[in-house]
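Colleague: Got a structure for you, questions after.
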Amino acid sequence: KNIETLLMAFKLVQNEISQAGLIILGEGPLRSSLENITKKLKLSNVCFVGFIQPKDLIKYYACADIFVLPSYIDTWGVVVLEAMSCGLPVVVSDRVGCAKDIVHQNKSGFVVSVENVKELALAISKLLQDTKLCKEMGRYAQKIAMEWNYDFSIQQLNQALKISINENIK
């Protein structure tokens, strides 16, 4: 999920916004290494929560101001849609699959280059420092997320199947 880059970016964010906090959800083999990086960078207000049951994710979205997914690779990133449905603006890397579909640059959030620490930090800082922008983007993000319902998904699947069938007939 590229949390190392997020931690380095968060160091830059905290240089500007000392009270900024970061909650990292999930469990994996890199956790102790990431906790060590956090200590080495002398970051404060960073909390590694570990695994969260899907039904409990809503509590974390509710207390967040923004959602960040800086993954090296993520086929689509359903968590981004979940966060947006909770009214959060998002910051995602250009390697997150849903970035092209649901993250409208400067409207519902920001798409940043996967390993660009400064660009990631700038996007996070911009949202944290501009409450009005953050709320506007969150509302826009929620509007987009609400459009991605089952009816829309079925319509898109039908369209893809029709295109596929027509291509195979030719």
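The values are calculated or read from the model by the stated rules, or taken from the named source; none is laboratory data. Given the structure is predicted, the values throughout are model-derived calculations rather than measurements. In this analysis, Cβ positions are derived from the backbone assuming ideal geometry, glycine residues included, and neighbour counts consider all displayed protein chains. We work out accessible area using only protein heavy atoms, side chains counted, and drop any ligands, DNA or RNA first. Shrake-Rupley method; radii C 1.70, N 1.55, O 1.52, S 1.80 Å.
Colleague: Sort 119-126, 157-164, 35-42 by packing, meaning the average of other beta carbons within 10 Å per residue, with the highest value first.
Modeller: Highest mean packing first, the order is 119-126, 35-42, 157-164.
Colleague: Okay, next question. Would you mind finding the longest exposed-site-free stretch of the chain, with exposed chymotrypsin sites (Phe, Trp or Tyr not before Pro) meaning DSSP loop and at most 13 other Cβ atoms within 10 Å?
Modeller: Answer from the scan: 77-170.
Colleague: Right, here's the next one. Only Cα pairs within less than 10 Å get springs; with that Gaussian network setup on the chain, which residue of A62, A141, A83 has the largest fluctuation?
Modeller: A62
Colleague: Give me the number: length gained by fully extending E35 to F51, i.e. 0.36 nm times residue separation minus the C-alpha to C-alpha distance, one decimal in nm. List each step's numbers first, then the result.
Modeller: Values: separation 16, 0.36 × 16 = 5.76 nm, distance 1.52 nm.
Taking E35 through F51 to full extension adds about 4.2 nm, to one decimal.
Colleague: Quick one: pull the percent of accessible area on the stretch 1-135 belonging to carbon and sulfur, 1.4 Å probe, ligands and nucleic acids left out.
Modeller: Carbon and sulfur atoms account for 56 percent of the accessible area of the stretch 1-135.
Colleague: For the stretch 136-147, take each phi angle, set θ = phi - 60°, evaluate the Karplus expression 6.51 cos²θ - 1.76 cosθ + 1.60, and give the result in whole Hz per residue in order, putting x for glycine and proline.
Modeller: Values, residue by residue: 4, 5, x, 5, 5, 4, 5, 4, 4, 4, 5, 6 Hz.
Colleague: Hey, of (i) 0.98; (ii) 1.18; (iii) 1.12, which did the structure itself give for Cα Rg over 2.2 N^0.38 Å when calculated?
Modeller: (iii)
Colleague: Give me the lysines in straight-line cross-link reach of K39: C-alpha distance below 17 Å, same-chain residues under 8 apart excluded.
Modeller: K11
Colleague: Just to confirm, what accessible area per residue do you get for the chain at 1.4 Å probe, in whole Å²?
Modeller: Per-residue accessible area for the chain comes out at 61 Å².
Colleague: Please give the net charge around S32, taking every other residue with its beta carbon less than 15 angstrom from that of S32, where Lys and Arg add +1 and Asp and Glu add -1.
Modeller: Residues close to S32 contribute a combined charge of 0.
Colleague: If you place +1 on the Cβ of every Lys and Arg, -1 on the Cβ of every Asp and Glu, and leave all else neutral, what size is the dipole of the chain about its Cα centre, to the nearest 20 Debye?
Modeller: Result for the chain is approximately 220 debye, rounded to the nearest 20.
Colleague: Here is a follow-up. Just from its helices, what would the mean residue ellipticity at 222 nm be for the chain, if runs of 4 or more DSSP H residues each count -39500 (n - 2.57) and the sum is divided by every residue, rounded to the nearest 500 deg cm²/dmol?
Modeller: On the way: 8 runs with 93 residues, N = 170.
That calculation yields -17000 deg cm²/dmol at 222 nm.
Colleague: Would you tally the net charge around G77, using a Cβ to Cβ cut-off of less than 14 Å, leaving G77 out, and scoring K and R as +1, D and E as -1?
Modeller: That sum, taken over residues with Cβ under 14 Å, equals -1.
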